[in-house]
1. Assuming a viscosity of 0.692 mPa s and a temperature of 37 °C, what translational diffusion coefficient in µm² per second does Stokes-Einstein assign to segment 576-619, Rh being the Kirkwood radius over Cα pairs?
2. Starting from the Cα of GLN62, move 7 Å in the Cα-to-Cβ direction to define the label point; list residues of segment 123-167 whose amide nitrogen is under 14 Å from there.
3. Suppose every Lys and Arg Cβ carries +1 and every Asp and Glu Cβ carries -1, with no other charges. What dipole size does segment 447-490 come out with about its Cα centre, to the nearest 20 debye?
4. If I take R0 = 30 Å and measure r between the Cβ atoms of SER237 and GLU35 in this structure, what FRET efficiency does the formula 1/(1 + (r/R0)^6) give, to the nearest 0.05?
5. Just list whichever of LYS87/LYS217; LYS234/LYS290; LYS280/LYS412 have alpha carbons separated by over 29 Å in the model shown.
6. Just to confirm, what accessible area per residue do you get for the chain at 1.4 Å probe, in whole Å²?
7. Excluding same-chain residues fewer than 8 positions from LYS153, which aspartates and glutamates have a Cα within less than 16 Å of its Cα?
8. Ignoring any ligand, DNA or RNA, what whole percent of the accessible area of segment 533-666 comes from carbon and sulfur when the probe is 1.4 angstrom?
Amino acid sequence: MINIPKNVKFLIVGVCSYLFFNTAQSQEQLKLYYESPAEKWTEALPIGNGSLGAMIYGNVSQEHIQFNEETLWAGKPHDYAHKGAYKYLGEIRQLLTDGKQREAQDLGNKEFMSVPLKQIHYQPFGDVYIDFPGHEKYSEYARELDLNNAVSKVSYKVNDVIYKREVLSSYPDQVITINLTASESKALNFSIWLDAIHEEKQVTTSANSQTLEVHVKDGVLRGVSTIKVKTDGKIESKNGKLSIANASRATIYLAAATNYKNFKDVSGNPQELVKETLEKVETKKYKKVKDTHIKDYQSLFNRFQIDFGDNGKSKEVTNKRIFDFWKNPSDPQLLSLYVQYGRYLMIASSRPGTKPPTLQGLWNDKLRPPWFSSYTTNINLEMNYWQVEIANLSECHEPLFDFIKDISITGKNVAKEHYDANGWIVHHNVDIWRGAAPVNNANHGLWLGGSGWLASHIWEHYLFTQDEAFLREYYPILKDAALFYKDFLYKDPKTGYLISSPSNSPEIGGMVAGPTMDHQIIRALFKSVIEASTILNTDQEFSKKLQVMIPKIAPNKIGKHGQLQEWLEDKDDPESHHRHVSHLWAVYPGSEINYEETPELMKAAKQSLEFRGDNGTGWSLAWKVNFWSRFKDGNRAYKLLGVLLSPAEIPERKISGGSYPNLFDAHPPFQIDGNFGAAAGIIEMLIQSHLGKIELLPALPDALPKGAISGVVARGGFELDFKWENSLLQEVIVTSKKGSKCKLQYKDKLIEFDTKVGKKYTFDGMLNAK
Ligand code: FUC
C-alpha cells in the first residue's frame, strides 16, 4: 500500500453523481501512484496541453522536468516529391507482373523515392532543473499523476516540513505551471534553471526569469522558452540560476514557442510569442490557473466513465500492479485506468489547433528518437485516433483533420510527380514538413494506402457525429483521396482485376502488385465517397464512376491454409508471426469483413490471426485486442491485454510488447500507439456500432463480469450508458444527439426505434423499454 502522509490531502475534484457511478472511489483511484522518484524517462510522468508537454521525474533533491514543444523539429520547409518519377511507374509495374520483385524494388529505389530518401526528426526542447539543498534525506514520499484533474504531484517530508510540488500543463493559459509549497513558512529554498541537450543553446537570466534559446542542429527551427518565478520568498539570480530563499510557496510559469508557423512558413517570432503568453498569465495566482486548467480538462475528461470494479489493487503502486498483472491478470481497475489514461494522453497531446501525437505522442527526450518520432501512417498514426470518437473526445480528432488538410496539399504534388494522377496520395510516413513521398526503401516505403486510410477518419468522424457541415467542408479532400486511386488503379494483366501496384503489405514480403489491404482501404474509401455524395447531394457522376469500379477491384480471397490471403497470390506463410496484420484491415478498423455479410471471410481472417499468434510489439498487441473483439472472443482479447499490461522490462518475459512503469506502451521502445489502440480495444469489447446498429457487450471477457460505462459514443450520433452484472446486461440508456433511427442489439435481440434530438431512451437488460 502506498504510504501517503496523513496530512497530505489530495484534491478530490467535484465528481458529479454519475448515473451508474456512486463510486467516488473508482474515480478517486484514477491515478498513477509511486513511492519513489523516477530513475528512467519511462518512469517519469507525462503532462501536456496538446502542444506543450513534459515528463516529470519527481527526484527529491534535484527535480528534473524534461519538456517538449510540438513544433520543434529538425529540417526545413521542403518538397520531398521526386520530380518525374511517374516515368518509371509503368516499368516497375511490368517488372512486378513478370515476377521480378528484386528488379522492381531496385528501380523503385533508384528512380521513385522521396528526395531526400529519409524524413526528419522531432526534437526535445529543454529541461528544467530544481535543486533543493538539504533534501537528501526525506520520508513519506509519494508521487502521482491524477487523471481526474491532470495534475502531477510529489510530496515528502524533510525535518517535519512537508514539501509539495504540483505540475500541470494548461491549455487555456498555454503554460506549464510548477507550484512548490512548504508546510512551514520560509522553509522553501531552491534554485531553478533551464538547460537543453542541443549543441546550440543560450541561457539568459534576469531578476525573476530565465530564457533558454535553442537552435536545432540540422534545420532552421529555433525555440525560445522562458520560466518566470513568483514567490513570497527572496529571488536572486546567481551562477546562471534563479535562487529562491526563505519562501513558503513559489509558482513557476514556463512558456515555449518556435518560429514554425506551418509546413511552408518558418517566419514565426518565438520571443514575442513567449513574452505575450507570460504577460497574460503572470499576474494570475496559481489557484486561478489551476482551476481554469481543471475546468477545461474536465470538460473533456468527465464526459465518459468506465468501471469494472475494484478489488483493492487500485491503492497499490502502479509499477507493482503491472508486474502483478503479468502473474495474475485480476486487477479490473487497471483496465479502466488504462482506458482513462488513453483518454488523458489524448487530451494531453491532441487539442484543437495543435499537431497530432507523433509515434511518441508529445513526449521525446532524444535528438535522434526512435523512428524519428514522426507520423507513421501504415498503422501508427491512425491507431492513435481509434479511441477518440467512441471515448467521447471528438474534438481531439481535429488535429488529425488539420494534418490531412496539409498532406492533401503536399500529397497532390506527389500524386502528379510520382503517378501522373489527380487527387492526393500519402505513403507510409510523414514529418512536420508534410513529406508525402515514399521514404526509406521501396520494399516498404512504397506503400499506397496512407491517404485512403487517413481519409477514412473523415468519414468515421461524420458517422459518429452526423455533422453534415463537417462532411461538406472535408468532402473535397475525401473525394480527392478517391480520385487518386481512381486514376492509379491498374488492370492486372494476369487476373484482369483492378489492383494497387506497386505497393506492399505493410512491411512484410517486399514490393508487390495488389496487396489485399490496399484494396480493402480503397473499396471502403470509394463507398464512403459514394455515400457522402448522396448525403450532400453532389457529384453524382463521380459517384457512378466509383460504383462501376468497385466490383472490378481484386476481392478478398481465401487461401490454401484456410487463411485470408494477404496478397493476390496464395503465398501466406502460416508460420509468420509478423507484427503487422494488414490484410485484416477490413475486420478492424474497416468493417467489410464481418460475421453477418461475409461469414466465410470472417472465418478465414480469424485463421490468419491464429497464425500470427498472441505476441507482438505494443501496437500489434493493441490491434489484436481490437480484432478479437470484432471476432467476438472477449477472452482472447483479454489474454492479449494481459501481455500488453505486463512489465516491458523484465528479461525473463522473453517477449516484446508490454508497459513501462508509467504505463507508457512498449513497442519496445516507447510508442504511444499501443496506449491509444488498446484503450479503443477495451471499449470495442463492450460496444460496437460498425454494422448500422449498436451491439452491446459483443465480446465481454469472463474476467469482467460486472461493470458500467457511460458517455460512450456510437455511430449514428448516440451516447450510451449501460451496466452489466454476472456478465449480463442490466440496463441501458441511449441518448440521441441527432434524432436518427436507432437499432440496438443485445445477444439475439434486436430492437429498432425512432429518436428525438436530446431525448433519452431507457431499457432493461432484455431491451424492454422502461
Ligand atoms: C512501423 C512498424 C514498426 C514501428 C514503426 C514506427 O514501421 O512496423 O513496428 O512501429 O512503424
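1. D, rounded to a whole number, is 301 µm²/s.
2. 127-136
3. Charge dipole, segment 447-490, about its Cα centre: 140 debye, nearest 20.
4. Working: r = 36 Å, r/R0 = 1.19.
With R0 = 30 Å, the Cβ-Cβ based efficiency is 0.25.
5. On the way: LYS87/LYS217 36 Å; LYS234/LYS290 24 Å; LYS280/LYS412 40 Å.
Check vs 29 Å cut-off fails for LYS87/LYS217; LYS280/LYS412.
6. For the chain, the per-residue accessible area is 36 Å².
7. GLU28, GLU35, GLU43, GLU63, GLU140, GLU144, GLU166, ASP291
8. Details: 2680 of 5090 Å².
Exposed carbon and sulfur together represent 53 percent of the surface.
The values are calculated or read from the model by the stated rules, or taken from the named source; none is laboratory data. The structure presented is a predicted model; accordingly, all values stated were derived computationally and were not measured. Glycine also receives a Cβ, built like all others from the backbone with ideal geometry; neighbour counts cover every protein chain displayed. The accessibility values were calculated without ligands, DNA or RNA, using every heavy atom of the protein model including side chains. Shrake-Rupley method; radii C 1.70, N 1.55, O 1.52, S 1.80 Å.
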